[in-house]
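The values are calculated or read from the model by the stated rules, or taken from the named source; none is laboratory data. Everything numeric in this text was worked out from a predicted model, so none of it was measured. Positions of Cβ are generated from backbone atoms using ideal geometry, with glycine treated the same way; all protein chains shown enter the neighbour counts.
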Amino acid sequence: MHALPYGFKKFSMSDPLPACARWKDHMLASRDPAAYRLYIEARKVWRSKIAWQFTREEATRILTDVKKAAELGDWGARALMAHFYLHGLGVLESNHVLDANPDKSVEIARMAAKEMQPWGLYDLGVAHEHGYGGAHYDVDLAWAYYLRAAQLGSPEAQMALAKAYSEAGRPKDEATMLQCAYQQGHGPAAYSLALDAGVNKRYQESIRIYQEGVKFGSIECARDLEVMFRHGYWGKDSDEEKDLLRTLGIGVDPERKRRYSAISDALEINPDLKLSRLDLILPLPPAQLPPWSKVEDAVTPESYDKPTY
């Protein structure tokens with residue numbers, strides 16, 4: 001094992017769990033509006049189509065604007081550039097504009113980690129766990145980064161710790177870390193908690209969490225609710241499950257099924273969508289469904305306030 005960075009400690013199952021923290025509390029207090037707008041508009045274009053549908057001109061503009069916003073200091077843009085460098089940009093010969101360069105991706109993560117930004121610490125942990133981008137393979141070092149990232153509120157790191165506690169047979173500690181991520185609006189955490197509640201027949205709690213997960217942008221939650229309203233049950237075609245769900249007003253509902261299907265299709269293209277207005281157009285039973293015209297009716301409106309993390 002290589003030496004841990006100053007202030008870091010090795011992850012140990014015997015240590016107390018990290019306190020729930022919020023990643024936004026450990027980012028810059030504000031963002032330059034011009035750089036932010038350049039980044040957010042480029043990201044909108046990037047999330048507007050499936051990867052193979054972009055023209056070379058569109059892919060070039062996305063890359064140019066995100067890179068410019070990153071150079072102007074926007075950390076959201078820098079994180080997206082790290083993603084582009086890790087995976088490349090443009091999946092076809094006709095729209096390929098950037099080769100994968102893991103070294104540059106990790107370089108950006110190191111910059112963020114040096115400033116103790118939770119996402120950078122987590123990404124650097126992933127690099128060390130898999131040994132790419134110039135980050136030497138070292139599982140202990142990777143988990144030290146995951147621990148520090150979780151302490152600073154990275155929901156992805158909190159999920160990593162939840163999995164570790166689960167594998168160690170500590171379901172209460174797993175649930176605690178999942179709740180930490182869930183309280184920050186993390187879709188995968190919502191999905192895990194909803195699944196657990198459903199398996200343990202806490203159906204009302206499960207459905208509520210699924211709905212919150214859809215608001216967070218979880219395609220898995222949207223798909224599971226689509227299945228529920230298509231069949232009137234989830235995984236078990238049992239009279240007991242159907243009867244319990246029926247007491248909650250749950251049954252075959254083609255219109256609700258159609259709306260969740262449309263939302264999951266939209267999230268397939270744009271996993272960044274947040275749907276804070278979901279209950280206005282797709283409330284859970286026994287509420288009646290109001291009219292709707294499109295998924296955008298549920299999407300969180302764009303904020304024109306001074307951008308913050």
Exercise for review: State all residues of region 1-47 that are under 22 Å from the mean Cα position of the chain (by Cα) and polar (S, T, N, Q); if no residue qualifies, say none.
Suggested key: Ser30
Practice item. Determine which single condition Glu174 fails, assuming it passes every other condition in (1) touching a residue at least 24 places away in the same chain (Cβ under 8 Å); (2) of a type outside the set (Gly, Ala, Ser); (3) touching a Lys or Arg at 6+ places or on another chain (Cβ under 8 Å); (4) in a helix (DSSP H, G or I). Key: (1)
**Study point:** Among residues of region 42-90, those that are farther than 24 Å from Trp23 by Cα, part of a loop (DSSP other than H, G, I, E, B) and at pLDDT below 95, counted
**Key:** 3
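Quick check: is even one residue across region 52-68 aromatic (Phe, Trp, Tyr) and under 16 Å from Ile108 (Cα atoms)?
Checking region 52-68: not a single residue is aromatic (Phe, Trp, Tyr) and under 16 Å from Ile108 (Cα atoms).
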Revision key, fill the gap. Selection over region 121-150 where residues are touching a residue at least 24 places away in the same chain (Cβ under 8 Å), crowded, with 20+ Cβ neighbours inside 10 Å and out of contact with any Asp or Glu (no Cβ under 6 Å at 6 or more places or on another chain) yields a count of 14
**Study point:** Filtered residues of region 291-309 (kept if loosely packed, with under 15 Cβ neighbours inside 10 Å and touching a Pro at 6+ places or on another chain (Cβ under 8 Å))
**Key:** Lys306
Point to revise | Residues (within 17 Å of Val227 (Cα to Cα), more than 19 Å from the chain's Cα centre (by Cα) and loosely packed, with under 13 Cβ neighbours inside 10 Å) located in region 259-282 | key: none
Point to revise | Flag for His83 being closer than 26 Å to Cys180 by Cβ, touching a helix residue (DSSP H, G or I) at 6+ places or on another chain (Cβ under 6 Å) and not aliphatic (A, V, I, L, M) | key: no
Practice item. Can you run down the residue pairs with Cβ atoms below 7 Å, 6 or more apart or on separate chains, where the first is in region 11-29 and farther than 25 Å from Trp75 by Cβ and the partner is modelled with pLDDT of 95 or more and in a helix (DSSP H, G or I)? Key: Phe11/Trp143; Phe11/Ala144; Phe11/Tyr146; Phe11/Leu147; Leu17/Asp173; Leu17/Thr176; Leu17/Met177
Check your understanding: Given (1) in a helix (DSSP H, G or I); (2) without any contact (Cβ under 8 Å) to a residue 24 or more places away in the chain; (3) surrounded by 15 or more Cβ atoms within 10 Å (Cβ to Cβ), where does Tyr233 come up short, assuming only one miss?
Key -> (1)
